[in-house]
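Everything below concerns the one structure shown next.
We did not get these values from a lab; they are worked out from the coordinates using the rules stated. It should be emphasised that the depicted structure is a prediction, and the values quoted were computed from it without experimental measurement. FYI the Cβ positions are ideal-geometry reconstructions off the backbone, even for glycines, and counts take in every protein chain you see.
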Amino acid sequence: MDDRFEQVWSRSGDYPETHLRPLKSHEYHERNCRRERLEREQDSLFDHTQQKIEFWETERENKFGSHEFRTIRDMKAHLDETKNAPQIRHTFIESDDSRSPVNCHPDLLKSLFTYHQVEPSFLDAIHTFGDQDDPKDLCLMNFNSFDTLTVREDKLVAVPKLNRSGREINMSYLLRAPEAKKNKGWKWQIRQAAVYQSFDTETGKSFWCTIKGNDEFNKRIKRSSPYLDLPSPNSTMNKIEVADCFVASLATHMVYFAWCDESWRDFINDIEDGIRGPLEMARSAPIDDDLEDTGSKLKTYPRSLRDTRRNSTMRSNKTPGGTAQGSKANSKRNTGLSARPGTLRKRSTMELIEGAHRALLRYMTGSSIKPKVTDPEKDAEGAPAAPATGGLFVVDDNASSRSSEEGHLVDTREVLNKFRFSDVQTLYTFSDRIRRAILTLTLNISVLGEMHEYFTQRLLNSDLQTFRHIREGCRENGDAIGEFLREVKSLSKRLETRRTQLECLGVLLAEGNSLYDGILQYRQLDISQRFQETSRRSADHMQVMANKTRVETASMHVITVVTMIFLPATFVATFFQSGVFLWNNDSPSQVNVMEQTGESYKYRADGFSLFAAVSVPMMVVTVGIWLYVFLSMRRSMARRMGVTSSRWSWGSRGSHGVATAEDGKMGAGALGEV
């Protein structure tokens, strides 16, 4: 077997085909697939510019020493010097971080794995490393075990010159845990660690290979190794000494397992601190605290719908006669659609008087001036109406006190504007972190459970004669295997507790997301209601303007009819009196002349020329001034509304353009209010 080992080591570049253990029928295909994948991904998996493998192994008197190798030649030279393999050998392969290539040449790794006959299944854990922009394998973790405890002696792969009996236990696992990093923002990152161990049950020798994105385990193993209770190195070891070596390997396993639990508390606390702000703001936001507790649902309706529903309710509670009168009165008061022209003109005059009166009182008193108006909502609900003041503004001496008393009322729009979609993105980010953390904990618990099951069923409770001496030696050493299994079980329970905490946070976060969705929908509804209020006020204003226009149009119709009747006669009379025509009663001297000729009037061409010379230029100048002012106003309006001058043309298209600008101005005003 020594010669065969030398042959496969000489072609270590063919790993994993250099594995000496006889394979089962289905394992040939798996081995070929792993080799092809290793060759296909080795450029992204390994950093060829940084080659480093560190050995941490026992030397004389079982004292540990460190050795670094950067070339295959140096590593092979060291392995040839230590043909009698050390009792414990740790190899550390590192990378810059968990998503960077490992700092090792692929040939160096293949040579190491061929020398120690590492199981090809360990390559699956190595492939979680490598150059990658985003984490892959979605928190993959696994546990693999293989032993030759039941293999016949003639089937064992023993290498006597390396002091290997071929009777060994191989196991590998991939673990993940959160680690803090020094940077701004979120400091936690879930990182993986791949661990492989082989233990010779006859010689007590163990080999460890650790691959991680930093030197964390390198430091931990070096700190804990001096405290291992190792027997004195001998060429042959009894069952007690082999059991002591096995107990040391169990203690080393706990170094790796403890890493899985130690940072979860801080991780969960930071998660809770991160989501507390957005969730607390959503829970305590005073959205509708200013609504009166009157039992009426009208307060939740937009103002434009409130009046309609209130009027409908009032009509349904009145007699038929009172219904008609009340409806008519409300229609007159709220919309002003049936107001008479005189009322409109009086109202416009009163508004001017009110404005002047208000400005004068502000100047003279410096007090808060508010209009004493009647609240239609309070009137409809039966509250006492404000005293009539003729619509004038009065000085409100209690304005400041009422403002302080009503200070608890909040502006819903101001509160809703504090909520942003970025808060939803923040909650989603934390939700994704919680889901990944729960998955990590679940898979860690699964790995620990598989190891617990393997040790319980395969090693502790079975009747394997090849492991009996170790089992008995561990029992004499304080039941080390049972203590190890209890520690693994306790660790699993702690991880389950962390998972329960995260699941609770996940439920709170899901409810917070639902609450945020509701608040954002309420915000959109509030914006729509404000647009509706603005549109209603604009429609009321346009209705009032339409009523005024209708009244003024009627007046203009009367003026137009009178003008059409009297203007022709007035023009003729004025023209005849302009001196263009001379009548027989105008001048005594002309009377005799016209009597002699028999004419009743005489046309004066020079008089008409003078009339035309004066009136026609004045008409042209007047029309020109009007046209200039008209076009200037249109051009100025077009610039204010951002409309090109080509739209402002004559005729119906020009009228349409003016209407469009008016509508745009009103729309902009509505948007500004919202």
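Can you compute the label reach from Glu483? Point 7 Å from Cα along the Cβ direction, backbone N cut-off under 18 Å, restricted to the range 256-280.
So the set is 256-258.
Mind listing which trypsin sites (Lys or Arg not before Pro) in the range 99-199 are in a DSSP loop and have 15 or fewer other Cβ atoms within 10 Å?
Answer in residue order: Lys136, Arg152, Lys181, Lys182, Lys184, Lys187.
With a 10 Å Cβ neighbour count serving as the proxy for reagent exposure, in which order, fewest first, do Ser12, Ser600 appear?
In increasing order of surrounding Cβ atoms, one gets Ser600, Ser12.
Could you tally the net charge around Leu112, taking each other residue with its Cβ under 11 Å from the Cβ of Leu112, Lys/Arg +1 and Asp/Glu -1?
+2
Starting at the first residue of the range 427-443, write each ³J(HN,Hα) from the Karplus equation 6.51 cos²θ - 1.76 cosθ + 1.60 with θ = phi - 60°, in whole Hz, x for Gly and Pro.
In residue order, the calculated couplings are 5, 5, 4, 5, 4, 5, 5, 5, 4, 5, 5, 5, 5, 4, 5, 4, 6 Hz.
Please list 541-548, 602-609 highest first by mean number of surrounding beta-carbon atoms within 10 Å per residue.
The packing order, highest mean first, is 541-548, 602-609.
Mind giving me the FRET efficiency for Ala569 and Ala539? R0 is 35 Å, r the Cβ-Cβ distance, nearest 0.05 is fine.
0.15
Of the chymotrypsin sites (Phe, Trp or Tyr not before Pro) in the range 144-190, which ones lie in a loop per DSSP and count no more than 16 other C-beta atoms within 10 Å?
Trp186
I want the local charge near His48. Using Cβ-Cβ distances under 13 Å, sum +1 for each Lys or Arg and -1 for each Asp or Glu among the other residues.
-2
Using the count of nearby Cβ atoms within 10 Å as a rough guide to exposure, how do Val8, Val488 rank from fewest to most?
With the fewest neighbours first, Val8, Val488 line up as Val8, Val488.
Sticking with the crude label model, points 7 Å out along Cα→Cβ, report the distance from Ser514 to Asn144 in nm, one decimal please.
4.4
May I ask you to list the GluC sites (Glu not before Pro) in the range 12-77 that are in a DSSP loop and have at most 14 other Cβ atoms within 10 Å of their Cβ?
Glu59
Exceeding 22 Å between C-alpha atoms, which entries from my cross-link table qualify? They are Lys83/Lys110; Lys76/Lys239; Lys76/Lys161; Lys52/Lys184; Lys181/Lys219; Lys52/Lys76.
Result: Lys76/Lys239; Lys52/Lys184 exceed 22 Å.
Divide, for the range 2-259, the radius of gyration over alpha carbons by 2.2 N^0.38 Å, where N is the residue count.
0.99
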